[in-house]
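Here's the structure, in structure tokens; my notes come after.
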2 protein chains.
Amino acid sequence: MINLRIPGPTPLPPDVQMAVGQQMINHRGAEFGALLAETTAWLKVFFETQQEVLVLTSSGTGAMEASVANTLSPGDRVLAISCGSFGDRFDEIARAYRADVTSLKFAPGRAVDPAVVREAVETQGPFKAAVLTHNETSTGVLNDVQAIAASIRSASPETLIMVDSISGLGGTRLQMDAWDVDVVLTGSQKAWMAPPGLAMIALSNRAWRTYETAQNPRYYFDLGLARQYAARHQTPSTPAVSTLYGLHASLQRMVAEGIEAVAARHEALASHCRACALTLGLGLYAEAGHYSPTVTALTLPAAHKPSDVLNALAERYAIHCGSTKDPSVGVIRIGHMGYCSIADLDAVFVALGEILSSTP
Amino acid sequence: MINLRIPGPTPLPPDVQMAVGQQMINHRGAEFGALLAETTAWLKVFFETQQEVLVLTSSGTGAMEASVANTLSPGDRVLAISCGSFGDRFDEIARAYRADVTSLKFAPGRAVDPAVVREAVETQGPFKAAVLTHNETSTGVLNDVQAIAASIRSASPETLIMVDSISGLGGTRLQMDAWDVDVVLTGSQKAWMAPPGLAMIALSNRAWRTYETAQNPRYYFDLGLARQYAARHQTPSTPAVSTLYGLHASLQRMVAEGIEAVAARHEALASHCRACALTLGLGLYAEAGHYSPTVTALTLPAAHKPSDVLNALAERYAIHCGSTKDPSVGVIRIGHMGYCSIADLDAVFVALGEILSSTP
């Protein structure tokens, strides 16, 4: 039995695993309709929105592309706010779709500063859209989306605010409607405790209005078509049924637990992870005050190469942690989202202690 | 226990179902790499190609879009050959990407006529690409891709020939290299006996050359990036791991059975299905000589509405057959691809006999 501590895919709880292994059904039938309807109703609770949450068969990256393809036209000005690899990915997607992109980059490990964003919008705007990352998986940084959105909104009321919360939502709160965020998207294999293969996305009324005029090509990711099908509890093309079985089962657990309790559980795991790391003398890569509740990036003593430590964890302890997305950054990343216990984390640090105390 | 006879998703064999329900692993680790490498090696056997077969996390429609996004530029002339709903879909995707599309439509139930295609290429060409459907799921028609490809190639040697074989490949042969087809794509939930959520696609050298200059936007479906990652047995973004477990297990069965035997099994099932239908006095919707080996569309006596018959099959017998994709066409569709037995088909016709002999 491995201890899977990469920041996604995350381990499946036993009932989710059982659900995933169920036999196929008719994806145009009543049983599937009920499954999808209940799943999306539960997702709305966690998206904290009255909007429809659409389920796409893709990774989270597909939903990032859907957000760009459905709301923008070539030449639209976009502010791409990034503090790591996944922020950069949103930037690249906007460029791939020929947006006129202004990149606003924060150093790896730092959080996005709402005041700097506000200044960028005021001095370099207007922007049709701003794209940003809620939880930067590559560095273990949680951005303050509420403050960033307020900064953008106050300077430019009609700018679309599009947030990648692939590794955030389900592990921490994002109040889409209350914070006036226009697009929120996430992925099934993160805090949701389901297999990879589904992305979930919701659009504000403002975003749906831009959909009507956006000129970017789209077909598989056409969210208007997805919304039409969702109204009758279907998807335009055949969905990832097994993954949906899993997501339905995991959401049933999460709704029973409650949205505040789910967020508190993640905060407690993250806090325990940081305390263990500090006890071992390891460094926290993320800026203080912006620690991610779902993934922690640790810096190691200079004598220890992250790749060697990761290999030792995997080979000697069957513990799989995450490598760095950026080779210039010497960290290891510990995922603690979804189906993770304090004991799972303790096992990581017992092993890390043994590895780091031996001569490298 | 339902008898799932829609033309996909198809039932999972027990070992595939067990495989799908396995726990998550690191999608950047050695275990996953071995899984993907073996899966794609086996796919090459069925694609009958020396090219890399790429695995995308999407439905088959996503791979259709990938074929257009990766090889074409806005304004490119495309011949969209269609004999049904899924042929029309390829046409729509090319138009969504601003291709200059010439639609060549054959009546529902008819097969694509290679001579007509040749004439279209000669009189209306040159075309950058021709898109077509191997097995038209909506009407139960199998097109002669070998003859169609030869027609196109002889009239226009450099036209890209892009074939949707979503419901064909794995149930019938398509010799990609020998027939000089440029793009072949399929979906995991059809003859492959795996859950929906993965599409598989291969490109010829000619198609890879056009990739270099194609101007359509692409990111999630960037096949060049997918090929780079495939070289180290990974995917650019997180793949549908559970579905891949299933596809690996089903391919293991199929490779052991052998490509000729798999095709013969489907032909035998289709032949049995047609014989049963004729015994009951039902009509075959597809043009004679072009019957699909994976799905049969049946016309009913005028007194019986297809939707009523489908409901009776589902409610009284737990048999799920396919409705029509085109409301003007009064057929029911019986899928017999993948994990299907003669007994499964017999059960359908026993039930149909009872339903049709009662007063409608």
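No value in this document is a laboratory result; all are computed from the given coordinates. The structure presented is a predicted model; accordingly, all values stated were derived computationally and were not measured. So basically every Cβ, Gly included, is an ideal-geometry build from the backbone, and we count neighbours across all protein chains shown.
Estimated from helices alone, the mean residue ellipticity of the protein assembly as shown at 222 nm is -13500 deg cm²/dmol (sum of -39500 (n - 2.57) over DSSP H runs with n ≥ 4, per residue).
For region A:220-360, the Cβ-based charge dipole about the Cα centre amounts to some 300 debye (Lys, Arg positive; Asp, Glu negative; other atoms uncharged). Here's how it looks for B:THR324: its modeled amide H is under 5 Å from those of B:VAL331, which are all 5 or more places away or on a different chain.
For chain A, lysine pairs with C-alpha atoms less than 19 angstrom apart, excluding pairs fewer than eight positions apart on the same chain, total 5.
Summary of the geometry: region B:9-71 and region A:88-147, compared by the centres of their Cα atoms, lie 34 Å apart.
One decimal place: the segment A:THR123-A:ALA178 gains 17.1 nm when fully extended, by the rule 0.36 nm per residue minus the C-alpha distance. Put +1 on the Cβ of every Lys and Arg and -1 on every Asp and Glu Cβ in the protein assembly as shown; which of B:CYS340, A:MET193, B:THR238 then has its Cα farthest towards the positive end of the dipole? Sorting the options by dipole projection puts first B:THR238. Copy-to-copy label distances for A:THR299, where each label lies 7 Å from Cα along Cα-to-Cβ, are 7.6 nm in order of increasing length. P(r) for region B:140-296, from all Cα pairs and a bin width of 5 Å, is 2, 8, 14, 17, 18, 16, 12, 8, 3, 2, 1, 0 %, short bins first. When region B:14-255 is described by a simple charge dipole with +1 on each Lys and Arg Cβ and -1 on each Asp and Glu Cβ, the residue from B:GLN252, B:VAL20, B:ALA96 located farthest towards its positive end is B:VAL20. Label points for B:ALA115 are taken 7 Å from Cα along Cα→Cβ. From this copy to the others they lie 8.0 nm apart, shortest first. Evaluating 6.51 cos²θ - 1.76 cosθ + 1.60 at θ = phi - 60° for every residue in region A:207-219, the Karplus couplings come out as 5, 5, 5, 5, 3, 4, 10, 5, 9, 5, x, 6, 8 Hz, glycine and proline recorded as x.
Rounded to the nearest Hz, the phi-derived 3J(HN,Hα) couplings of region A:21-35 under the Karplus curve 6.51 cos²θ - 1.76 cosθ + 1.60 (θ = phi - 60°) are x, 6, 5, 5, 10, 6, 6, 10, x, 5, 5, 5, x, 5, 4, where x marks glycine and proline. Taking amide hydrogens as placed 1.01 Å from N in the peptide plane, the amide H of A:ASP76 sits under 5 Å from those of A:ASP100, each at least 5 positions away in sequence or on another chain.
In chain A, the beta-carbon sitting nearest the axis that superposes A on B belongs to the residue given here with its distance in angstrom, A:GLY21, 1. Each of A:ILE342 and A:ASP308 was given a label point 7 Å from its Cα along the Cα-to-Cβ line. The distance between the two points is 3.4 nm. Along region A:70-82 the Karplus relation, 6.51 cos²θ - 1.76 cosθ + 1.60 evaluated at θ = phi - 60°, assigns HN-Hα couplings of 9, 10, 10, 10, x, x, 4, 7, 10, 9, 9, 9, 9 Hz to successive residues, with x for each Gly and Pro. Extending 7 Å from the Cα toward the beta-carbon at both B:TYR229 and A:SER73 defines two label points whose distance is 3.2 nm. Plainly put, the tip 7 Å out from Cα toward Cβ on A:ALA34 is 4.2 nm from that tip on each other copy, the closest given first. At an R0 of 45 angstrom, the distance between the Cβ atoms of A:ASP100 and A:GLU38 translates into a FRET efficiency of 0.60. Here the protein assembly as shown carries DSSP beta bridges of which approximately 50% are antiparallel, counting only pairs with both residues inside.
Taking the DSSP beta bridges with both ends in region B:149-203, the antiparallel portion is around 55 percent.
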